[in-house]
Amino acid sequence: MNRRLTLASSVAGAVVVALDGTVLTIAQPTLQRDLDASFAQVQWTTTGYLVAVAALLVFAGRLGDRYGHRRLFGLGMLGFAAASAGIGLAPGIGWVIALRVAQGVFGALLQPATLGMLRAAYPPDRLRKPLAVRTAAIGVAAAAGPLLGGVLVTELGWRAVFFAQVAPAALFGLLALATRRPEPPRTTVRLDLPGALLLALTLAALVHGLAGVADSGGLAAAAPALEVAVVAGMVFVRHERRTAHPLLPADVIRSAAVGSALGVLIAASAALHGTLFVCVYLLQDTLGLTPFQTALRSLPLAVFMIAAAPLCAVLLRRSGARRTTVTAMLVLASGVAILSGASAPLPLCTGFALVGAGFGTVMVAATHVVVRHAPAESAGVAGALQQTALNTGPALGVAAATLLIHVGSLRTPLLVLALLGAVAAVMGGALPGRAAAKAEQQPQRGGPTPATAGREAG
């Protein structure tokens, strides 16, 4: 695939997944009434998807490294389209839940590939702009999702939400599989099936447990799942240390820059989604705003998230990932802190704007570090780890917010989430600094020497 088509495919895959989550939230009440489903069953349309995605992301990334990201992307998009069509035709809630799990499986195939394809198509020193475009598109999808979902559900019913995903997913899936251009040489490392199963069990149990905390507001119901996650995680770590062909390559997981970037992404996504979860109740139940007024107050978040993505590409080039990420996390934390005490329109809009600007910048900067500092042959695993962080963080943030609401007031979780953002800013100190940013620009000026080319590949 040429670079423009690769970027378009990467953006399309990311947008389809982003829209799927946002529009489903709008459709759930109507879906529940139409299928005569319980609240718990409707919740499983989301939980089942998240568990499937979390369980398979890393293994899917490794499959992409082994068999080609374009091929995995095409299969993932076509499967996602087929599952969406099936949900639109589903006769009952059981079918919807089962097909949502299937949709999660195909979503896990395509998500790491959207980053793996970019890493294979662009030199490391030219990844900033395509990642910024991808992040801005996700921001647009997040902003447009509730509006699009509302229109579709109101005018055509909840099934239209899923039918609308079929055409774009099928189109880009077919384009990816029809392209005959050869892909870069792929890794021949064996697939670590025992490690994949252990990690899948760990992540699935963790996400399921965190979702249980959010649903019940307590740890008792979620404790068994969380215990399984801890035990399986310990066995997985032991297995990875002993196997000759680990699922997680050492050159990825032992990188201080990659580890720091993943930690920042988890913290940033936890702070964002925990804040949004709390603010819906704060604005409507405490301040008495209508859903439309709530949407207007929070609109600056999406606007500034979209605007921050292209600006971050410039900041990365001039200041490096460390300064950019640390500053952005402090901006995000200050926005959450302002929201914790805000009630008037101006402070609320200001807080949401700062959260959006901080998160949009962190998304591009931390993702750039993860993808760039992973070897090309491990790009799928790196992309999968980035996606895992962004899927685990929201579950963690909402679960923590739910527990904290039961301990204190609605504003208590916001203060804790602001503190989490400040801690993540400290964590960002392990990212590459300005000197690394300058070094990245050298190939553009005079071309890489063999020595520097080898260093840049890793």
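The values are calculated or read from the model by the stated rules, or taken from the named source; none is laboratory data. Small disclaimer: the values here were computed from a predicted structure and weren't measured. All Cβ positions, glycine included, derive from the backbone under ideal geometry; neighbour counts span all protein chains shown. The protein model used for the area step is the full one, side chains on, heavy atoms only, and it has no ligands, DNA or RNA in it. Shrake-Rupley method; radii C 1.70, N 1.55, O 1.52, S 1.80 Å.
Some values worked out for this structure:
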quantity: Condition check for residue 75: open to solvent by 20 Å² or more (accessible area, probe 1.4 Å), touching a residue at least 40 places away in the same chain (Cβ under 8 Å) and more than 23 Å from residue 363 (Cα to Cα); calculated: yes
quantity: Residue selected from region 55-72 under the condition more than 20 Å from the chain's Cα centre (by Cα) and in a helix (DSSP H, G or I), by the criterion surrounded by the most Cβ atoms within 10 Å (Cβ to Cβ); calculated: 71
quantity: Residue 314 being farther than 26 Å from residue 404 by Cα and free of Cβ contacts under 8 Å to residues at least 12 places away in the same chain; calculated: yes
quantity: Pick from region 337-357, criterion open to solvent by less than 20 Å² (accessible area, probe 1.4 Å) and in contact with a Gly (Cβ under 6 Å, 6 or more places away or on another chain), ranking: farthest from residue 309 (Cα to Cα); calculated: 342
quantity: Residue that is modelled with the lowest pLDDT [pool: residues in region 274-323 that are more than 16 Å from residue 346 (Cα to Cα), of a type in the set (Val, Ile, Thr) and touching a Gly at 6+ places or on another chain (Cβ under 9 Å)]; calculated: 306
quantity: Qualifying residue in region 308-325 (condition: touching a Leu at 6+ places or on another chain (Cβ under 7 Å), open to solvent by 50 Å² or more (accessible area, probe 1.4 Å) and within 21 Å of residue 390 (Cα to Cα)); calculated: yes
quantity: Subset of region 91-129 (residues that are more than 20 Å from residue 173 (Cα to Cα) and either buried (at least 19 other Cβ atoms within 10 Å of the Cβ) or of a type in the set (Lys, Arg) (or both)); calculated: 93, 96, 97, 122, 124, 126, 127, 128, 129
quantity: Given (1) part of a helix (DSSP H, G or I); (2) within 26 Å of residue 428 (Cβ to Cβ), number of the condition residue 248 does not satisfy; calculated: (1)
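Table: residues versus (1) of a type outside the set (Gly, Ala, Ser); (2) modelled with pLDDT under 85; (3) farther than 27 Å from residue 55 by Cβ.
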| residue | (1), (2), (3) |
| --- | --- |
| 371 | yes, yes, no |
| 379 | no, yes, no |
| 391 | yes, yes, no |
| 398 | yes, yes, no |
| 417 | yes, no, no |
| 424 | no, no, no |
| 437 | no, yes, yes |
| 445 | yes, yes, yes |
